[in-house]
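Report on the structure given below.
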Amino acid sequence: MSDHRTCRIVVLASGAGSNLAALMEAAANPKWGAQIVGVGSDVPGCGAIQLAQQASVPTFALSLQDFPDRAQWDVALANEVAKYEPDLVVSAGFMRILGDEFLVQWQGKTINTHPALLPSFPGAHGVRDALAYGVKVTGVTVHLVDRGVDTGPIIAQRVVAVRESDTQSELHERIKVVERQLLIDVVGSMARDGWHADGRNVFLNSPVSVE
Ligand code: GRF
């Protein structure tokens, strides 16, 4: 990315969009270093799409059911993202696996947030699975997206303590508070100061704190 312009971000989301809301709030401050140029979803009309529309951020939604197969959906998603010429694609509560046809264009520029401490508890039910396993701490992982399910190189993590009385939703809510801040910190750091990867090791030029 050139030093002379703000990092362009496309955010992908499927749900309520609280992570997106946090990123949009951060982007309101030019010093954060990134601007959200588009928001995409697999769920037309989801909370994230509505939030983006209210903020006049361009949106697109591609339902899997509108495509003959998964690969063609991936190609369409990759091409839609490309129209926004992003420097970074942020999967923030995007509940679909990004397939080969997407990653051939966007691997290395796509990051994801996951509500558990990877490599423990990958997949769509990280909070539930951690709670069921009986861990005493869990947390958030922001990682580069590769071809596996939540297996990409880890960029940053933060810990959240599990309480004996926690329900899944109570624990998830506390994780989401930490998740929003970590996402803002990581994206801002990547945008402003850059980063590089050496195999599985990702180095932020301005590392973010673990707390
Ligand atoms: C986040 O915890 C994300 O990591 C998980 O689902 C949640 C999405 O929340 N996959 P939101 O849509 O950003 O509010």
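Table for the structure above
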item	result
Among residues of the range 47-73, those that are touching a Lys or Arg at 6+ places or on another chain (Cβ under 9 Å) and open to solvent by less than 40 Å² (accessible area, probe 1.4 Å), counted	2
Selection within the range 3-41 - open to solvent by less than 50 Å² (accessible area, probe 1.4 Å), more than 9 Å from the ligand (Cβ to nearest atom) and among the small types (G, A, S)	A26, A27, G33, A34, G38, G40, S41
Meets criteria (surrounded by fewer than 19 Cβ atoms within 10 Å (Cβ to Cβ) and without any contact (Cβ under 8 Å) to a residue 12 or more places away in the chain) for D100	no
Scope the range 167-196; condition of a type in the set (S, T, Y) and open to solvent by less than 20 Å² (accessible area, probe 1.4 Å); matching residues	S189
Set A191, A161: member being at pLDDT 95 or above and in contact with a Cys (Cβ under 7 Å, 6 or more places away or on another chain)	A191
Among (1) in contact (Cβ under 8 Å) with a residue 40 or more places away in the chain; (2) closer than 20 Å to V187 by Cβ; (3) within 15 Å of the ligand (Cβ to nearest atom); (4) not small (G, A, S), the one test that L131 misses	(2)
Yes/no for A21 being of a type outside the set (S, T, N, Q), free of Cβ contacts under 8 Å to residues at least 24 places away in the same chain and part of a helix (DSSP H, G or I)	no
Neighbours by Cβ (under 7 Å, 6+ apart or cross-chain): first from the range 168-195, within 13 Å of W32 (Cα to Cα); second of a type in the set (S, T, N, Q) and within 11 Å of the ligand (Cβ to nearest atom)	L183/N19; L183/T113
Any hit, the range 32-47, residues being assigned to a helix (DSSP H, G or I) and of a type in the set (S, T, Y)	no
Residues of the range 135-166 classified as of a type outside the set (A, V, I, L, M, F, W, C) and either open to solvent by less than 40 Å² (accessible area, probe 1.4 Å) or within 12 Å of the ligand (Cβ to nearest atom) (or both), total	11
Breaking point among (1) closer than 20 Å to E179 by Cα; (2) surrounded by fewer than 18 Cβ atoms within 10 Å (Cβ to Cβ), for S91	(2)
Residue in the range 108-119 that is farthest from the ligand (Cβ to nearest atom), counting only those that are under 22 Å from D198 (Cα atoms) and not β-branched (V, I, T)	G108
Condition met for P122 (free of Cβ contacts under 8 Å to residues at least 40 places away in the same chain and within 16 Å of the ligand (Cβ to nearest atom))	yes
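The values are calculated or read from the model by the stated rules, or taken from the named source; none is laboratory data. Computed from a prediction, not measured in an experiment: that's the story for all the values here. When we count neighbours, we look across all protein chains shown, and the Cβ atoms used for this are built from the backbone with ideal geometry, even at glycine. To get the accessible areas, we keep the full protein, side chains included, count just its heavy atoms, and leave off ligands, DNA and RNA. Shrake-Rupley method; radii C 1.70, N 1.55, O 1.52, S 1.80 Å.
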